[in-house]
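The values are calculated or read from the model by the stated rules, or taken from the named source; none is laboratory data. Only a predicted model underlies this, so the values are computations on that prediction, with no experimental measurement involved. Counting neighbours? That spans all protein chains shown, and the Cβs are built from the backbone with ideal geometry, glycine included. These area figures cover heavy atoms from the full protein model, side chains too; ligands, DNA and RNA do not enter into them. Shrake-Rupley method; radii C 1.70, N 1.55, O 1.52, S 1.80 Å.
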Amino acid sequence: EGIHARRIADHVRAATFAISDGVRPSNVKQGYVVRKVLRRAMIDRHLLGGDLRTPWLTDLASTVIDAMGGAWPQLVEGGSVIRSTIASEEEEFASTFLGASQRLVEVAETTRARGDQQVRGSDAFLLYDTFGLPLDLQRLLLDEHDLSVDEEAYDAAMSAQRRRSREASKIS
């Protein structure tokens, strides 16, 4: 439990400072890192039994701002932007994650019913492509079920999707 709590604290602190420096959660470059650390903190909270439907990283960000705002005034100046950015990310991820985690449980049950210890790569890719659950989070959650992912098949499905995407985007 301690590692989850420490990681949550470190990740919220890092995200708070990055957002105060102008980085916003996104799917590219530094924004991707901020999104990833916030989502990892939310996953850790879930693993500790917390309810993702109740935003709370925003409260932790306020604690960071209060504790460190004297030395870093940009935290206080950007406090409302920091809190609203984190709250928005929490809300978006909670709805995505709750749907994806329900689907992941179904996949885990189907995998066990087949007598397998490894989720099919196509199922893992579907969880990523349709439900937005990245492979690293799938690994983490499937570990709780003592299951793994057929990563070779997942990579093959990902490559096939990229190829289809490139072919669809060619201008005739």
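Of all helices (runs of 4 or more DSSP H) completely enclosed by segment 57-172, which ones contain at least 3 residues that are over 30 Å from PHE17 (Cα atoms)? Step through it out loud before you land on a result.
On the way: elements: 57-68, 73-77, 79-113, 121-129, 135-143, 151-169.
Helices (runs of 4 or more DSSP H) meeting the threshold: 79-113, 121-129, 151-169.
In segment 8-50, how many residues are without any contact (Cβ under 8 Å) to a residue 60 or more places away in the chain, of a type in the set (A, V, I, L, M, F, W, C) and open to solvent by 40 Å² or more (accessible area, probe 1.4 Å)?
Here the count works out to 6.
Can you pull out the residues in segment 90-112 that are of a type in the set (Asp, Glu) and surrounded by fewer than 17 Cβ atoms within 10 Å (Cβ to Cβ)?
Initially, segment 90-112 is screened for residues of a type in the set (Asp, Glu), giving 90-92, 106, 109.
Of everything in segment 90-112, those that are of a type in the set (Asp, Glu) and surrounded by fewer than 17 Cβ atoms within 10 Å (Cβ to Cβ) turn out to be GLU91, GLU92, GLU106, GLU109.
Looking only at residues in segment 144-169 that are within 19 Å of the chain's Cα centre (by Cα) and closer than 19 Å to ALA113 by Cβ, which one is most open to solvent (accessible area, probe 1.4 Å)?
Applying the filter and picking the extreme gives GLU144.
Looking only at segment 100-111, decide whether some residue is of a type in the set (Gly, Ala, Ser), in contact (Cβ under 8 Å) with a residue 40 or more places away in the chain and within 23 Å of ASP129 (Cα to Cα). Don't jump to the end; show me each part of the working.
Going through segment 100-111, the residues of a type in the set (Gly, Ala, Ser) turn out to be 100-101, 108.
Among the residues that remain, those that are also in contact (Cβ under 8 Å) with a residue 40 or more places away in the chain are: 101.
Right, trim to within 23 Å of ASP129 (Cα to Cα) and you get 101.
For segment 100-111, residues of a type in the set (Gly, Ala, Ser), in contact (Cβ under 8 Å) with a residue 40 or more places away in the chain and within 23 Å of ASP129 (Cα to Cα): present.
Residue under question is ALA87, and the condition is that it be surrounded by fewer than 16 Cβ atoms within 10 Å (Cβ to Cβ) and over 25 Å from ARG162 (Cα atoms); does it hold? Working first, answer last.
Working: surrounded by fewer than 16 Cβ atoms within 10 Å (Cβ to Cβ): no; over 25 Å from ARG162 (Cα atoms): yes.
Taking the combined requirement at face value, the residue does not satisfy it.
What do you reckon, is GLY132 in contact with a Ser or Thr (Cβ under 9 Å, 6 or more places away or on another chain), on the phi > 0 side of the Ramachandran plot and open to solvent by less than 50 Å² (accessible area, probe 1.4 Å)? Spell out the reasoning first.
Details: in contact with a Ser or Thr (Cβ under 9 Å, 6 or more places away or on another chain): yes; on the phi > 0 side of the Ramachandran plot: yes; open to solvent by less than 50 Å² (accessible area, probe 1.4 Å): yes.
So GLY132 passes the test.
Any residue in segment 120-141 that's small (Gly, Ala, Ser): show its pairings with residues that are part of a loop (DSSP other than H, G, I, E, B) at Cβ separation under 9 Å, as long as the two are six or more apart or on different chains.
Within 9 Å, the pairs are GLY121/ASP150; SER122/ASP150; ALA124/LEU133; ALA124/ASP150.
Select, from GLU77, GLU90, the only residue that is touching a Leu at 6+ places or on another chain (Cβ under 6 Å) and charged (D, E, K, R). Before you say what the answer is, go through the steps one by one.
Details: GLU77 fails: touching a Leu at 6+ places or on another chain (Cβ under 6 Å).
Unique residue meeting the criteria: GLU90.
What is the one condition in (1) open to solvent by 60 Å² or more (accessible area, probe 1.4 Å); (2) touching a residue at least 40 places away in the same chain (Cβ under 8 Å); (3) assigned to a helix (DSSP H, G or I) that ARG53 does not satisfy?
Answer for ARG53: the failing condition is (3).
In segment 16-41, which residues are part of a helix (DSSP H, G or I), under 15 Å from GLU91 (Cβ atoms) and at pLDDT 90 or above?
First pass over segment 16-41, keeping only residues part of a helix (DSSP H, G or I): 16-20, 29-41.
Adding the requirement that they be under 15 Å from GLU91 (Cβ atoms) leaves 35, 38-39, 41.
Of everything in segment 16-41, those that are part of a helix (DSSP H, G or I), under 15 Å from GLU91 (Cβ atoms) and at pLDDT 90 or above turn out to be ARG35, LEU38, ALA41.
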